[in-house]
Amino acid sequence: MKQKSNTPKKLTRDIKLLLVFSAMRNITDLFLGTFLISFIMHISSSEIISVGMYRMFEYIALFLATVSIANLCKRYSKTVVFALNQIPKIALLTALTLLGDQATEYIIPLGILYGIGEAMYHLPMSTMVSEKTNDQTLKLYMGAKTSINYTVRLIVPVILGFFIDTGSFAQVANVLLVLSVIELILCAFLTPSRHRSKKPADLVGFTRCMFRFPVIRRLFVMEISRGFSVGMLATVITMYTVFMFKSDLNLGILTTVFALFSIVSSWALGKYVQIKDYARVLLICLIATFIAIALFIYQVTPVTFLIYNFVYSTAYILSDQIGVFNMYRLSNSKCVTSNHRVEYLCFCENALLLGRWGSCLALIYFGMFGGYESLRWYLALLLVAVMISGLSSYSLLRNKNK
């Protein structure tokens, strides 16, 4: 006779509210990521280097800010730290409004502001998700989060592209300033976290201890390679779209079309695929991703670019979703106690950043010495990172499901 599971399978109010924040953050990230990169490319004489510098200083600031706020997240209210992420974001949007076409002269401080805001968003958000979910609700959360975020990408890019093409970048920044104020108000409805510690965060000691576990070493490899590939694959898509189709409206249309595929695939993974089948799904996704990117590297044409885009928005997004699931799942394993969850998530974030720094340096190098032709070889490096990340994630799944 089967026993009924006491594991809750519905998302709580707080988790649903975090999904709302994730969607709203996605709108801002589209503007400060995809469309800001496009804007930089239109007004900069050395666009590849400018994009690489923006990303590099964003990630440096993200690392330093993540380490700095770890103590705040561990000892004080995570919801307060989470709410404060609006301050650097509002400062960045205000700067873009005031600077206009002179923004490329301030690439470094703009990247730093964006990185600080990301740290103040991601670390408390990840900690709250880890505290408020179990395996089943985490699976539902990841499927819902990815689907909702790509629903945002289905609608918002065309609107952003249209208004930027017909109006100005600064006018859109003003609209997002209003959205930031709304996010700040919604933070008041989050339940304060009960998990607090009197001890300060010990990142060095925790990292030294964690490397004794083989599973954590595999996670470290997965997160570094994810960091190398995940953001920059999307950046390369943006750069090639602007280069090949020459319009922010076209960028918006293509981003919207392929977001539809991401919505359906990520929702189906979270809703219908059992956790025990994740390993099989991951292998299929890795094979499809390898073929699509290798084909685009071999021959850069509009057709191979569209194939690359389609596989990125389905197979790659699913493999990354499974990788993030693995990361959160381990935060509730025997390796990590509730008192060290902040250190664990900070450890994962810093592993991601190591990979991101490497990918930024590589992008700047190829931009200095090769231009767009060399981006194919940069994409080859990203492909290697995708395969390493995917196989590490597969190993984690196989060990956990035994």
*Working only within segment 49-68, note down all residues that are at pLDDT below 85, open to solvent by less than 30 Å² (accessible area, probe 1.4 Å) and closer than 24 Å to Val172 by Cα.*
Ser50, Val51, Gly52, Tyr54, Arg55
*For segment 321-342, how many residues are out of contact with any Cys (no Cβ under 6 Å at 6 or more places or on another chain) and at pLDDT 85 or above?*
9
*Confirm whether Ala119 is among the small types (Gly, Ala, Ser), open to solvent by less than 10 Å² (accessible area, probe 1.4 Å), under 22 Å from Arg356 (Cβ atoms) and part of a helix (DSSP H, G or I).*
yes
*Quick one: what pairs do we get from segment 1-22, first residue at pLDDT below 85, second of a type outside the set (A, V, I, L, M) and outside any helix (DSSP H, G or I), C-beta under 6 Å, 6+ apart or different chains?*
Thr7/Asn134
*Only one of Leu98, Leu72, Leu84 that is modelled with pLDDT of 85 or more and surrounded by fewer than 23 Cβ atoms within 10 Å (Cβ to Cβ)*: Leu84
_Hits in segment 195-214 - residues which are under 26 Å from Ser319 (Cβ atoms) and either modelled with pLDDT under 70 or open to solvent by less than 30 Å² (accessible area, probe 1.4 Å) (or both)_ = Met210
_Selection within segment 101-132 - modelled with pLDDT of 85 or more and among the polar types (S, T, N, Q)_ = Ser126, Thr127, Ser130
_Filtered residues of segment 267-318 (kept if buried (at least 22 other Cβ atoms within 10 Å of the Cβ) and more than 22 Å from the chain's Cα centre (by Cα))_ = Phe296
*Output the qualifying pairs, or none if there are none: Cβ atoms under 9 angstrom, residues six or more apart or on different chains, first residue in segment 316-328 and under 14 Å from Ser229 (Cα atoms) and in contact (Cβ under 8 Å) with a residue 24 or more places away in the chain, second residue among the aromatic types (Phe, Trp, Tyr) and surrounded by fewer than 23 Cβ atoms within 10 Å (Cβ to Cβ).*
Ile317/Phe261
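The values are calculated or read from the model by the stated rules, or taken from the named source; none is laboratory data. As the structure is a computational prediction, the values presented were derived from the model and not from experiment. With ideal geometry, Cβ positions are generated from the backbone for all residues, glycine too; neighbour counts draw on all protein chains shown. Note: accessible area is taken over every heavy atom of the protein model, side chains too, but ligands, DNA and RNA are not part of it. Shrake-Rupley method; radii C 1.70, N 1.55, O 1.52, S 1.80 Å.
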